[in-house]
1. How much length is gained if the chain between Arg98 and Glu206 is pulled fully straight, taking 0.36 nm per residue apart and subtracting their Cα-Cα distance, in nm to one decimal?
2. Relative contact order for the stretch 156-229: what is it in percent, counting Cα pairs under 8 Å that are at least 6 residues apart?
3. For Lys84 paired with Ser71, estimate the spin-label separation in nm (one decimal), with each label point 7 Å from Cα along the Cα-to-Cβ line.
4. Any idea how far the Cα center of the stretch 60-88 sits from the one of the stretch 148-186, in Å?
5. By the scheme Lys and Arg +1, Asp and Glu -1, what is the net charge of all other residues having a beta-carbon under 13 Å from that of Gly164?
6. In percent, what relative contact order does the stretch 61-204 have, based on Cα pairs under 8 Å that are 6 or more apart in sequence?
7. If packing is taken as the average count of other Cβ atoms within 10 Å, what order do 88-100, 109-121 fall into, highest mean first?
8. Of the options Ser200, Gly190, Ala216, report the single residue whose Cα projects farthest towards the positive end of the charge dipole of the stretch 156-229 (beta-carbon charges: Lys, Arg +1; Asp, Glu -1).
Amino acid sequence: MRVGVVVGVVVMLGLAVGFSARAHGADAPPLEAPPVIRSGAPAAGASGEPTVEILVGDGMAVRDLLLAVSSAAQRTIVWEPQDKAIATRRIVGSPRLRVPTSQLFDAVADLLVPYEILLVPLGAPERQVWFATDARALQAQTMLRLRATPVAMDDEATAARLEGRPALFVTAVLRVPTGVDPRAVRSALGRLVTPNNVGSVQEVPEASALVVTDFAPAVAQMWRTLRLLTPPPTPSEDVMTAYLTLAHRDAADVLGLLGPLFQETAPSPRAVPTPDGNPVAPRSREPAVRIVADVATRTLVVRGTSAQVAEVTRVVSRLDQPPVGK
């Protein structure tokens, strides 16, 4: 009799445990290869923010990773149950991520990019939900589109940061260098956008700007390309003024002799054809040297680069000689 009671209790406990496990599984499916997510000390050089480390096991299902990160980062992630990319794909290798706590979600989003899985933000910031979907399936959905995050592309630090965010979809205004046609630039940058109508470039001629929308690395590359179109500033010429006082010659006479040697006329602006018929743009001329004679003080005022002033001074010293025979 006692044996029967014990067996009955064991069976009842077994049924209760089994029912509890099934009930828990209905709300949150158990992880097949649960990742290890643990807190860490603040990173060296950081502003005191604690880090978090996530160890992803080899062969982990994408679905399980999303469940774990959703809980750790406190972000709501949903997906379509029939999405094969999430249901069947697994993480290959054993990624080990150690990032500040606030960057955990972004790090996992970037990790999923090679598996063509995107996390699309939906709703206002205070009630935001993230929809995980196959990147290829996203193009066929008319009511769900990638929402671009506005960014200001104005320095190298921003470009470097965006280059490391392949999962971030952004829009930015890129300024076109002065003298460059925005329409021509749009055609050139069109080869850098993500294909299949994902990225776009639109010129605004009145503002000499382009509005670009694409994944962050592509936008950073466009910004760098525009910078290459801007010629580097040329170093300013070493312009100086010198006063040459004559000891023997009249200033007006010496100026008349210097004129043919140091002409201020610029070369022809027309392109010079080569023997094969292709025009070659003229070379930019050196800034002209200017020479003025002060007859009253027998002084020549010379203005030009240091090399030009030195050459004029050398010639004047040879010309300022006493007349022959006197």
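The numbers here are math on the coordinates, done by the rules we state, and not lab data. Quick caveat: nothing in here was measured; it's all calculated off a predicted structure. Don't worry about glycine lacking a Cβ; one is built from the backbone with ideal geometry, like all the others, and counts go over all protein chains shown.
1. Extra length available between Arg98 and Glu206 comes to 34.3 nm.
2. Averaging sequence separation for qualifying contacts and normalising by length gives 42 percent for the stretch 156-229.
3. Between Lys84 and Ser71, the label points sit 3.0 nm apart.
4. Using only Cα atoms, the two centres lie 31 Å from each other.
5. -1
6. Relative contact order comes out at 18 percent.
7. Ranked from most to least packed, the peptides come out as 109-121, 88-100.
8. Ala216
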